Amino acid sequence: MAAPSVAVDNLNPKVVLKCEYAVRGEIVMHAQRLQQQLQTQPGSLPFDEILYCNIGNPQSLGQQPVTFFREVLALCDHPCLLEREETKSLFSADAISRATSILASIPGRATGAYSHSQGIKGLRDAIAAGIASRDGHPANADDIFLTDGASPGVHMMMQLLIRNEKDGILCPIPQYPLYSASIALHGGALVPYYLNESTGWGLEISDLKKQLEDARSKGIDVRALVVINPGNPTGQVLAEENQEDIVKFCKNEGLVLLADEVYQENIYVDNKKFNSFKKVARSLGYSEDDLPLVSFQSVSKGYYGECGKRGGYMEITGFSAPVREQIYKVASVNLCSNITGQILASLVMNPPKVGDASYASYKAEKDGILQSLARRAKALEDAFNNLEGITCNKAEGAMYLFPNICLPQKAIEAAKAANKAPDAFYALRLLESTGIVVVPGSGFGQVPGTWHIRCTILPQEEKIPAIISRFKSFHEAFMAQYRN
Amino acid sequence: MFGGGGRKPLDYDELNENVKKVQYAVRGELYLRASELQKEGKKIIFTNVGNPHALGQKPLTFPRQVVALCQAPFLLDDPNVGLIFPADAIARAKHYLAMAPGGLGAYSDSRGIPGVRKEVAEFIQRRDGYPSDPELIYLTDGASKGVMQMLNTIIRNERDGILVPVPQYPLYSAAISLFGGSLVPYYLEEEANWGLDFVNIRQTVASARSKGITVRAMVIINPGNPTGQCLSQGNIKELLSFCFQENLVLLADEVYQQNIYQDERPFISARKVLFDMGPPMSREVQLVSFHTVSKGYWGECGQRGGYFEMTNLPPKTVDEIYKVASIALSPNVPGQIFMGLMVNPPKPGDISYLKFAAESKSILESLRRRARLMTDGFNSCRNVVCNFTEGAMYSFPQIRLPQRAIDAARRAGKAADVFYCLKLLEATGISTVPGSGFGQKEGVFHLRTTILPAEEDMPAIMSSFKNFNDSFMDQYDDGSSYSRM
């Protein structure tokens, strides 16, 4: 019999060769092996737990879900509860009434049924109202597509936009590698634009323009610009004037603006606030016709951190009806996104308000989480900056720190000898000495010759001092070993 | 040529052609028209998609109790929780929460929670009598996502062909279009109960190869969708031998394995048949099997829970599939718990067992009655012939459209079965999917409806259909005898 039909040498090369995703890549798999080793042979390693700082997965590290949201979801999962007297003493009154009204908006109160392929209409109405209230500009339920997390929406847009390897998408470097992976999977060209580390990861329009023109001169048809705001892994929050320049740039160059805004509720500095690109565009006087814009939001981040629910949406504006039909058609092949995620997205965009029974406890939970994140961001940033050869930009938002590590030449050579990228080599040594799992900067892209790691700010606050001290010991020993 | 002004990147002409080629009739023209009519106030009976809860089937109680408790673990701390949740639901919620550190709100392993995958492996072992490896079971957001991932991995370019049954569930044709591959159709034989004809299939493969197509995989849907036939062990053996000889990976869509309405051919999995065949085939034939929580008697479509199991795939291939899964981070956790509950339901002796068994039995027996009702109802209509729905959730009657109807359809710019289904919709509110959405032989027309409307509504629905069909045939029948092409 001939060689097996499905073997690596005859798989889709876009999958095998081109597509990488370091957030759950090699270092993480090694960490999982070490974790098993800790279970089977306790004491065999210089640390007694693995600390996963590689992925923005807050609840896996002890962050608690928002009580009100879970109350509503539980009631929607098992609506029979609403008929029982005991429910009133177990659930808050506004959770009961919210669940009741959500169920009323679902045909047949059937949370187990496939919904409309864009998501349940009543929930989209709530989300549109939430967007309008956030931005001060109207939003339309028909522009919203609820998806299993924000990532499937990104894939859909890449699929729509990329026809062949000559279609390019401008992506920030460093970027969240969903974008590079998705572009590779769909056979397109990633056109990088570099964020400026020395100016707090600023975005220079002049660099954007240069990259665009370079790409075009090579025959690349650049179709869209990805902006991640707040940034991942870089954590910067764009200034409004910067956003205005970006909007104008897209309009002038005929680019679709893909605005990844999943960290919109993670802002840790007082001098910056989140402005959606939609709000910026409308405030500039740009209507739908001026700018095709896709805005992504998720239930995975913020203060709610509900990664496992896979909830999110994209709001698409500025697209013609025939194009919207195509987007709908692609969405319909998967029938619909999971209903729990849809409900959660409507809750995130429409949380308890002043006067609601749950407002005080909701606000306390929210503030508690966000303030703690801000403290952890600062503590880790300061710790990194105090280490030899490391400079770390502030995390103004999102969930990550992306310190720049000036690796000595000897370390770079040792890495080469071990057939690893220098930052991967560093990250692996860090893991083996301390149990701390980070993602090497090469997984996100960086200016050649610079090295970074991405570390989340998510471990519980009481663990942070130990993480800092373990990291410090490791780094000092590493530098002692490899210093020039 | 490039740059602003004029042509915009998201103008219709500038879209990925593969996207434009995609068709998915299940939520296509008929469904959109039905939705419009519904907005105008017309009562619509949606039988276009296998969506049981939308037509009044109630969720099973036990899984909803367990997931509600997992969703709001603070309930488990309340001393009164035992008043409204049975002890076994409480225990099971704790069981799943222990498996999912971080609870329902954390990304799990990209392949799914290991403990749930183990439950799936144990289910497969009990079902088939052969051990199953949890490492080769990946949970997905519905079976469809798994199908998409596999086809994306296999299809390299337009010369890669995938054998797909006709009629088929149009996820397959849509996915093949999206990934730029070639659909190689093999026709099921309607007169032979939608049976497989391997002589024809061999010819089809040879013909595709002569056109430069490399046939890589074969899709089988068992029980069939839309056709409902249940394959015999002999059928499946022949299929596997064929795949062995022709070097194809078999993609076995087994999502309807709980929906069996006759006793002659109970469900038997492709994997069991493969292992029964012994070496060399049992070690060589590559197989991917798909299952879901959306169908069966669970019908939990909205949860988006599914899995695929890989058999005889080389480790490096599995690594690549893992890589693709990891970009999606993880399947939704509540859906994973539904899957765990489905493969590991209450057992005799459990507090919730009797209620669970009664609910399940009631749904399955009703489906069996409705399958018969609908088949008989269609067969009693003029110019309609309908194979029995042996399994799955659909009825796929053949409508022998008179020539004058076909001509009228052409004048209206519509495929003949689309024309019929639109008229049916407008007259009765019954929203179906025309057979052309699934594929059929040239000149033979069908529609697909589900057997899911509530049992008490069935007689009225069938009589409404019959009345419509009678007047349609009165209008268009030319009285001459109709011979099947």
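The values are calculated or read from the model by the stated rules, or taken from the named source; none is laboratory data. Here the structure is a predicted model, which is why all the values come from computation and not from measurement. Positions of Cβ are backbone-derived with ideal geometry, glycine not excepted, and every protein chain shown enters the neighbour counts. Accessible surface is based on the protein model in full, side chains and every heavy atom, while ligands, DNA and RNA are left aside. Shrake-Rupley method; radii C 1.70, N 1.55, O 1.52, S 1.80 Å.
For a quick check of your reading: which helices (runs of 4 or more DSSP H) sit entirely within region B:139-257 and have at least 1 residues that are open to solvent by 10 Å² or more (accessible area, probe 1.4 Å), within 14 Å of chain A (Cβ to nearest Cβ) and in contact with a Ser or Thr (Cβ under 6 Å, 6 or more places away or on another chain)?
Output list reads B:143-154.
What pairs come out if I take residues in region B:423-436 that are free of Cβ contacts under 8 Å to residues at least 12 places away in the same chain and in the same structural domain as B:Ala408 (by TED's automatic domain parsing) and pair them with residues that are hydrophobic (A, V, I, L, M, F, W, C) and surrounded by fewer than 20 Cβ atoms within 10 Å (Cβ to Cβ) whose C-beta lies under 7 Å away, six or more apart or interchain?
Close Cβ pairs satisfying both conditions: none exist.
Where in region A:1-100 are there helices (runs of 4 or more DSSP H), lying wholly inside it, with at least 2 residues that are at the interface with chain B (Cβ under 7 Å from one of its Cβ atoms) and of a type in the set (D, E, K, R)? Walk me through how you get there before you give the answer.
On the way: elements: A:26-40, A:67-77, A:87-90.
Where helices (runs of 4 or more DSSP H) fall fully within region A:1-100 and carry at least 2 residues being at the interface with chain B (Cβ under 7 Å from one of its Cβ atoms) and of a type in the set (D, E, K, R), they are A:67-77.
Please go through (1) at the interface with another protein chain (Cβ under 10 Å from one of its Cβ atoms); (2) touching a residue at least 40 places away in the same chain (Cβ under 8 Å); (3) among the charged types (D, E, K, R) for A:Lys272 and return the number of the only condition it doesn't satisfy.
A:Lys272 satisfies every listed condition except (1).
As an exercise: evaluate B:Gln23 against (1) surrounded by fewer than 19 Cβ atoms within 10 Å (Cβ to Cβ); (2) outside the structural domain of B:Tyr420 (by TED's automatic domain parsing); (3) among the polar types (S, T, N, Q) and give the number of the one condition it does not meet.
Failing condition for B:Gln23: (2).
Do you know which residues across region B:119-138 are in contact with a helix residue (DSSP H, G or I) (Cβ under 8 Å, 6 or more places away or on another chain), assigned to a helix (DSSP H, G or I) and more than 17 Å from B:Gln336 (Cα to Cα)?
B:Arg127, B:Asp128
Which fully enclosed helices (runs of 4 or more DSSP H) of region A:317-394 have 3 or more residues being surrounded by fewer than 21 Cβ atoms within 10 Å (Cβ to Cβ) and at pLDDT below 95?
Passing ranges, in order: A:321-333.
Within region B:33-54, which residues are open to solvent by 80 Å² or more (accessible area, probe 1.4 Å) and within 11 Å of chain A (Cβ to nearest Cβ)?
B:Gln38, B:Lys39
Condition first: under 29 Å from A:Leu190 (Cβ atoms) and open to solvent by less than 10 Å² (accessible area, probe 1.4 Å). Can you find one or more residues in region A:31-49 that meet it?
Looking for residues that are under 29 Å from A:Leu190 (Cβ atoms) and open to solvent by less than 10 Å² (accessible area, probe 1.4 Å), one finds at least one in region A:31-49, hence yes.
Which residues, taken from region A:438-451, are open to solvent by 10 Å² or more (accessible area, probe 1.4 Å) and among the small types (Gly, Ala, Ser)?
The answer is A:Ser442, A:Gly443, A:Gly445, A:Gly449.
List the pairs whose first member sits in region A:41-55 and is small (Gly, Ala, Ser), whose second member is not in a strand (DSSP E or B), and whose Cβ atoms are under 9 Å apart, counting only residues at least 6 apart or on separate chains?
Pairs that qualify, where the first residue is small (Gly, Ala, Ser) and the partner is not in a strand (DSSP E or B), are A:Ser44/A:Gln37; A:Ser44/A:Leu38.
Which residue out of A:Asp148, A:Asp143 is over 17 Å from B:Ala68 (Cα atoms) and within 11 Å of chain B (Cβ to nearest Cβ)? Reasoning before the result, please.
On the way: A:Asp143 fails: within 11 Å of chain B (Cβ to nearest Cβ).
It is A:Asp148.
Looking at region B:81-123 only, could you name the residues that are within 11 Å of chain A (Cβ to nearest Cβ) and open to solvent by 40 Å² or more (accessible area, probe 1.4 Å)?
B:Gly82, B:Leu83, B:Pro101, B:Pro114
Among the residues of region A:226-260, which ones are under 17 Å from A:Lys166 (Cβ atoms) and touching a strand residue (DSSP E or B) at 6+ places or on another chain (Cβ under 6 Å)?
Hits for region A:226-260 are A:Leu255, A:Val256.
Take region B:55-75 and flag every residue that is open to solvent by 10 Å² or more (accessible area, probe 1.4 Å) and among the β-branched types (Val, Ile, Thr).
The one that is open to solvent by 10 Å² or more (accessible area, probe 1.4 Å) and among the β-branched types (Val, Ile, Thr): B:Thr61.
Taking the options A:Ser206, A:Ser182, A:Ser198, name whichever one is without any contact (Cβ under 8 Å) to a residue 60 or more places away in the chain and within 12 Å of another protein chain (Cβ to nearest Cβ). Explain how you work it out, then say what you get.
Values: A:Ser206 fails: within 12 Å of another protein chain (Cβ to nearest Cβ); A:Ser198 fails: within 12 Å of another protein chain (Cβ to nearest Cβ).
Every option except A:Ser182 fails the conditions.
For region A:452-463, check the following and say yes or no: at least one residue is surrounded by fewer than 20 Cβ atoms within 10 Å (Cβ to Cβ) and under 15 Å from A:Leu387 (Cα atoms).
No, the conditions are met nowhere in region A:452-463.
Would you mind finding the one in A:Pro403, A:Pro408 that is within 15 Å of A:Gly235 (Cβ to Cβ) and touching a Phe, Trp or Tyr at 6+ places or on another chain (Cβ under 6 Å)?
Of the residues listed, the single one that is within 15 Å of A:Gly235 (Cβ to Cβ) and touching a Phe, Trp or Tyr at 6+ places or on another chain (Cβ under 6 Å) is A:Pro403.
Given (1) in a loop (DSSP other than H, G, I, E, B); (2) open to solvent by less than 10 Å² (accessible area, probe 1.4 Å); (3) of a type in the set (Phe, Trp, Tyr), where does A:Phe145 come up short, assuming only one miss?
Unmet for A:Phe145, out of (1) in a loop (DSSP other than H, G, I, E, B); (2) open to solvent by less than 10 Å² (accessible area, probe 1.4 Å); (3) of a type in the set (Phe, Trp, Tyr): (1).
How about region A:103-127: which of its residues are open to solvent by less than 10 Å² (accessible area, probe 1.4 Å) and not in a loop (DSSP other than H, G, I, E, B)?
A:Leu103, A:Leu123, A:Arg124, A:Ile127
Mind telling me which of the residues B:Arg411, B:Arg404 ends up being in contact with a helix residue (DSSP H, G or I) (Cβ under 7 Å, 6 or more places away or on another chain) and open to solvent by 60 Å² or more (accessible area, probe 1.4 Å)? Steps first, answer last, please.
Values: B:Arg411 fails: in contact with a helix residue (DSSP H, G or I) (Cβ under 7 Å, 6 or more places away or on another chain).
That would be B:Arg404, the only listed residue that is in contact with a helix residue (DSSP H, G or I) (Cβ under 7 Å, 6 or more places away or on another chain) and open to solvent by 60 Å² or more (accessible area, probe 1.4 Å).
When you check B:Phe308 against the structure, is it within 30 Å of B:Gly443 (Cα to Cα) and either surrounded by 17 or more Cβ atoms within 10 Å (Cβ to Cβ) or out of contact with any helix residue (DSSP H, G or I) (no Cβ under 6 Å at 6 or more places or on another chain) (or both), yes or no?
Considered against the rule, which asks whether it is within 30 Å of B:Gly443 (Cα to Cα) and either surrounded by 17 or more Cβ atoms within 10 Å (Cβ to Cβ) or out of contact with any helix residue (DSSP H, G or I) (no Cβ under 6 Å at 6 or more places or on another chain) (or both), B:Phe308 comes out as no.
With respect to the numbered conditions (1) more than 25 Å from A:Pro459 (Cβ to Cβ); (2) among the acidic types (Asp, Glu); (3) more than 10 Å from chain A (Cβ to nearest Cβ), which one is the sole condition not fulfilled by B:Asp77?
(1)
Looking at B:Asp78 and the list (1) free of Cβ contacts under 8 Å to residues at least 60 places away in the same chain; (2) crowded, with 21+ Cβ neighbours inside 10 Å, which single condition is not satisfied?
Unmet for B:Asp78, out of (1) free of Cβ contacts under 8 Å to residues at least 60 places away in the same chain; (2) crowded, with 21+ Cβ neighbours inside 10 Å: (2).
Any idea which of (1) open to solvent by 40 Å² or more (accessible area, probe 1.4 Å); (2) more than 27 Å from B:Thr153 (Cα to Cα); (3) of a type outside the set (Ser, Thr, Tyr); (4) outside any loop (DSSP other than H, G, I, E, B) is the one A:Leu190 doesn't satisfy?
Result: A:Leu190 passes all but (2).
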